[in-house]
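In what follows, a single structure is set out as structure tokens and then discussed.
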Amino acid sequence: MKHCVLVITILFLFSCNSKEEVDLIVYNAKIYTVDDVFSQASAVAIKDGKFVAVSKDNIDNYTAREELDAEGKTIVPGLIDAHCHFYGLGLTQQIVNLRGTTSYDDILEKVAEFQKEKPSNFIQGRGWDQNDWEIKEFPTKDKLDELFPDTPVALERVDGHAYLVNQKALDLAGITKETQISGGEIVKDAKGNLIGVLVDNPMGLIDAVIPKPTRATQVQALKDAEKLCFDYGLTTVNDAGLNKATIEMIDSLQQIGDLNIRVYAMISNNTENLDYYLDRGIFKTDNLNVRSVKVYGDGALGSRGAALREPYTDKEGHFGAMITPVDDIEALAERIAASEYQMNTHAIGDSANIVVLRAYQKALEGKTDRRWKVEHAQVISEQDFDYFKNGIIPSIQPTHATSDMYWAEDRLGVERVKGAYAFKTLLDKAGVVALGTDFPVEKVSPFLTFYAAVARQDLENYPERGYQMKDALSREETLKGMTIWAAYSNFEEDEKGSIEVGKKADFVILSDDIMEVPASQIPNLKAEQVFVDGGKVK
């Protein structure tokens, strides 16, 4: 009998000692793993920043330095914003916030107040949208000139595709009635006078005279943007257009632990970036991936800069414009195809989309698994959707549909608008979609992305039955688009995007079940706890 007790004791001690020690066990959870079969689990074990076990039951083979009772709450993989302007978001925190302004006078009041509180030698702001005003026309510079006759002012439209500037800024940039520049518009009134609005390429003349932010301001911008993203459960962001100096700053901050968010960096299409990165090849660390080029095909629909095959319905004879000429896009596609890099091109209008799709098809002939993206893919002619069967990925932003739906038909007409914001059609053709916000054009919240994709309504539940619901996504499709499909579009599906053994332990504990709550409650969801590499960042 004593012998039996001794054997049982030894076996028990051996069993206890044989348990693998891990850093963290999370249990009593409802986990959407987003694996191949979209399975659920109730517990995970994490060691050295990776998932080592994902179980439907309590994990009994592990002992942990720390345990977390999820109290039955929902866990999803760390959310990925497949198209945003992370650094730009941070910079907007340092200037006048004009989002939500309801009139030109509202803008002027905010700018004057900001300048009083934080005086600047060059006033900057972002976020105005004339489509939200009672008078839906571009503003003019007259009142800005009266308020700030001696201080240059540049106020960026919400979509980043137009400036409203005062005369002082025009003078500083050397812009006159005679200035000519392709790929956009220097807007004039009926008498040929400048009204102070610049659309797309002419904005570069203003950019050239805006004082560059100090390094301290740049670092603060990145940290401010990271906090906002973590607050909403974003653990990876795809920044659609960065220069070498900013990429190197992000890398240095990540290396010393001052920036923990993961960044998929698209290099901006300019000579310096292309010559430096294409020759050196892919640059990748645990938190930074540089392997793509961001190109601008055309402008935005809201500022009538999107390039259309037929004129705008609400502006006779106006077609929008290509920012990058057709020949340049084709040549660039050939150059990038000869490298390891991915090409990601902004295309809003149906004309811009077909230019990009044809250039991709030609440049990628005979090449496989390149995963080039069309950023936005916003207005597509019916006959052009099939191009997405060829391994081209639509990178789309659902909140654009619910932001634009009030006036999109005015711009495009009844027939052409049917091929706009066609998320489900694009998914059916491509097999995957990568979902993002395009912040700060739209709000940061991925829950608004989710809501817009599945309900296609605004926060007032308009329209009652949803906007063009034939192109709504299911909840499963939407979550995939914000996790595993977004990771796939970044060539990172083997390391993130789902909760599976061997992958990075990036995950979010939500305030409620995103897959089951009534659709109207989705925008109110919160990321209660956020983890990167198994470490809590919120």
How are the C-alpha pair distances of segment 163-207 spread across 5 Å bins, as whole percents from the shortest bin up? 5, 24, 41, 25, 5, 0
At each listed q (0.28 Å⁻¹), what is the log10 of I(q)/I(0) that the Debye formula gives for segment 70-142 modelled as equal alpha-carbon point scatterers? -1.29
For the chain, averaging the sequence separation of alpha carbon pairs under 8 Å that lie six or more residues apart and dividing by its residue count, the contact order in percent is 17 percent
Quantify, in whole percent, the carbon and sulfur part of the accessible surface of segment 86-211 (1.4 Å probe; protein heavy atoms only). 47 percent
Sequence gap at least 6, Cα distance under 8 Å: using those rules, report the relative contact order of segment 172-262 to the nearest whole percent. 21 percent
Roughly how much of Arg280 is accessible, in Å² to the nearest 10, using a 1.4 Å probe? 150 Å²
What does the charge count around Ile247 come to, taking other residues whose C-beta lies under 14 Å from its C-beta (Lys +1, Arg +1, Asp -1, Glu -1)? +2
May I ask for the net charge around Ser445, where only other residues with Cβ less than 15 Å from the Cβ of Ser445 are counted and Lys, Arg are +1 while Asp, Glu are -1? -2
From the C-alpha gyration tensor of segment 277-425, pull out the three semi-axes of the equivalent ellipsoid (sqrt of 5λ each), sorted largest to smallest, in whole Å. 28, 16, 14
With +1 on the Cβ of every Lys and Arg and -1 on the Cβ of every Asp and Glu, and nothing else charged, how large is the dipole of the chain about its Cα centre, in debye rounded to the nearest 20? 680 debye
P(r) of segment 114-190 over all Cα-Cα pairs, binned every 5 Å from zero, in whole percent: 3, 13, 22, 27, 21, 10, 3, 0
Of the labelled options [x] 28.1; [y] 45.4; [z] 29.3, which one gives mean projected area of the Cα convex hull in nm² as computed for this structure? [x]
Taking a threshold of 31 Å on the Cα-Cα distance, which of the pairs Lys315/Lys470; Lys73/Lys443; Lys141/Lys227 fall above it? Lys141/Lys227
Before anything else, pin down the relative contact order of segment 396-513: Cα pairs under 8 Å, at least 6 apart, normalised by residue count, whole percent. 25 percent
Neighbourhood net charge (14 Å Cβ-Cβ; Lys/Arg +1, Asp/Glu -1) for Glu134: -4
Just for the chain, what percent of DSSP beta bridges are antiparallel, to the closest 5? 45 percent
Going by average Cβ neighbours within 10 Å, how do the peptides 359-367, 452-460, 529-537 rank, with the highest at the top? 452-460, 529-537, 359-367
In segment 179-199, which residues have a backbone nitrogen under 20 Å from the label point lying 7 Å from Glu272's Cα in the Cα-to-Cβ direction? none
Applying a 10 Å radius around every beta-carbon, put 138-150, 427-439 in order of their mean neighbour count, most first. 427-439, 138-150
Kindly report the accessible area of the chain per residue (heavy atoms of protein chains, probe 1.4 Å, no ligands, DNA or RNA), in Å². 43 Å²
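The values are calculated or read from the model by the stated rules, or taken from the named source; none is laboratory data. Source: prediction; values computed, not measured. FYI the Cβ positions are ideal-geometry reconstructions off the backbone, even for glycines, and counts take in every protein chain you see. Each accessible area value is taken on the protein alone, full model and side chains, heavy atoms only, with ligands, DNA and RNA left out. Shrake-Rupley method; radii C 1.70, N 1.55, O 1.52, S 1.80 Å.
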